[in-house]
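Working notes, structure below.
Readers should treat all values here as calculations from the given coordinates under stated rules, not as data from a laboratory. All figures in this text were calculated on a predicted structure; none of them were measured in a lab. Here the Cβ positions follow ideal geometry from the backbone for every residue, glycine too, while neighbour counts run over all protein chains shown.
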Amino acid sequence: MHPAVARHFLVASDFDQTLSFNDSGLVLSEILGTTGFQEKVDGLARSNLVQQGGELAYLIRHDPEFRGVRREHLVETGRRVRLRHNIPALVEFLNRGLEGCRFSFFVISAAPREVIQSALEGIVDPAHVFGTELEFDDRTGEVRSIKRVPAGYGKVAVLEELEARLGTAPDRTIYIGDGSSDVHVMLHVNNRAGFTIAVSENHQLSRIARRTVLSDDAFSVIVPILEDVLGRGVSEIRTVFESNGLTLEQWDKARTDRVTIRDTRASDGDGAAAFLSVDLVVESDADTADAVPDDDVAVA
């Protein structure tokens, strides 16, 4: 009898507002003393000049107010970024794995790699961080060029490289993200039978992600991984949390259906049919067998 081979999962996570509360671009702009960062990002998004998520890289290279960025600014940005709670516990759990399962954890983000490595120093192996790669001028210290930006389809390329390197099947890929820049990669993962987790109420992602988990605690993403990917029950999930020194204090599952109804029996003075918009909220107890898409998870 040969011992069973452990199932190997690739777990990849975005950084800005997924592992952190802050957008690293806003923190960097504060350090530089510049204003209007969000307006510039919104303008680039409207123009479709760069892929969503790659706006900061574009500004660093082309905007006069960001041309003075040096490596030390990016490192300091990472130090100032507010991280979600219990990221070390999450990484340690994934590194240990479970009986019959092992995980390889990577961070894939369009934020500059120096920012992410600084923010996660001592938590995530720098070799497991994929961010925007910048080249700096040896003489001036300024950014000379951009080598790579993992935004949009760029994240898909990194995922495929990691799958090939690790030898993991596409249906063993788990991706965690928060915003519009994660849409392409989540669609890619879903189309190949992988698993996707959203950690925000972004409307674009809520229609795509297999599960949505809302929590200030990074360890909360273990709930859908254990429940949906590994098929563990509620009691087993609580035991995993407790074995990691945490308590699953609150787990409220709810689904909200937004419904617009046309009333053809009544019309206003102009003859236009009246509309009625209704929010139907269906809640279920955490211990029920039927899972529903959106979770609010509190971890203590």
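Could you tally the net charge around residue 300, taking each other residue with its Cβ under 10 Å from the Cβ of residue 300, Lys/Arg +1 and Asp/Glu -1? Here the count lands on -2. Average projection, convex hull of the Cα set of the stretch 7-248: 12.9 square nanometres.
Work through the residues other than residue 153 whose Cβ is under 14 Å from its Cβ and net out their charges, Lys, Arg +1 and Asp, Glu -1.
On the way: positive: 148, 155; negative: 160, 161, 182.
Neighbourhood net charge equals -1.
Expressed to the nearest 5 percent, the antiparallel share of DSSP beta bridges inside the stretch 7-248 is 20 percent.
Relative contact order for the chain using alpha-carbon pairs under 8 Å, separation at least 6, rounded to a whole percent? List each step's numbers first, then the result.
Numbers: 541 pairs, mean separation 50.5, N = 300.
Across the chain, relative contact order equals 17 percent.
Normalised by the residues of the stretch 96-185, what does the relative contact order come to in percent, with Cα pairs under 8 Å and at least six apart? Present the calculation step by step, with values, prior to reporting the outcome.
Working: 90 pairs, mean separation 20.0, N = 90.
Relative contact order, the stretch 96-185: 22 percent.
In this simple spin-label approximation, residue 75 and residue 30 carry label points 7 Å from Cα along the Cα→Cβ vector, and these lie 2.1 nm apart. For the chain, modelled as a GNM whose springs connect Cα atoms under 10 angstrom apart, the maximal fluctuation among 25, 141, 131 occurs at 141. Would you list, by chain and number, the lysines whose Cα falls below 29 Å from the Cα of residue 147, excluding same-chain residues fewer than 8 positions away? Reachable lysines: 40, 155.
For a Förster distance of 35 Å, can you work out the FRET efficiency between the beta-carbons of residue 142 and residue 204, rounded to the nearest 0.05?
Details: r = 35 Å, r/R0 = 1.00.
E(calc), rounded to 0.05, equals 0.50.
For residue 134, the residues whose amide H sits under 5 Å from its own are 113, 147, ignoring neighbours fewer than 5 places away on the same chain, with H placed 1.01 Å from N.
Would you look at the GNM of the chain, springs on alpha carbons closer than 10 Å, and say which of 226, 19, 159 moves the most? Highest fluctuation of the listed residues: 226. A Gaussian network model of the chain, with springs between Cα atoms under 10 Å, assigns the largest mean-square fluctuation among 16, 137, 228 to 137. Ordering 120, 151, 197 by Cα displacement along the dipole of the chain toward the positive end leaves 151 in first place; charges were set at the Cβ atoms of Lys, Arg (+1) and Asp, Glu (-1).
Rounded to the nearest 20 debye, what is the charge dipole size of the chain about its Cα centre when +1 sits on each Lys and Arg Cβ and -1 on each Asp and Glu Cβ?
Numbers: 32 positive and 48 negative charges, 198 e Å.
Roughly 960 debye, rounded to the nearest 20.
Distances between placed amide hydrogens fall under 5 Å for residue 83 paired with 21, all partners being 5 or more residues away or on another chain. As a calculated quantity, the FRET efficiency between residue 135 and residue 47 at R0 = 22 Å, using C-beta atoms, amounts to about 0.30.
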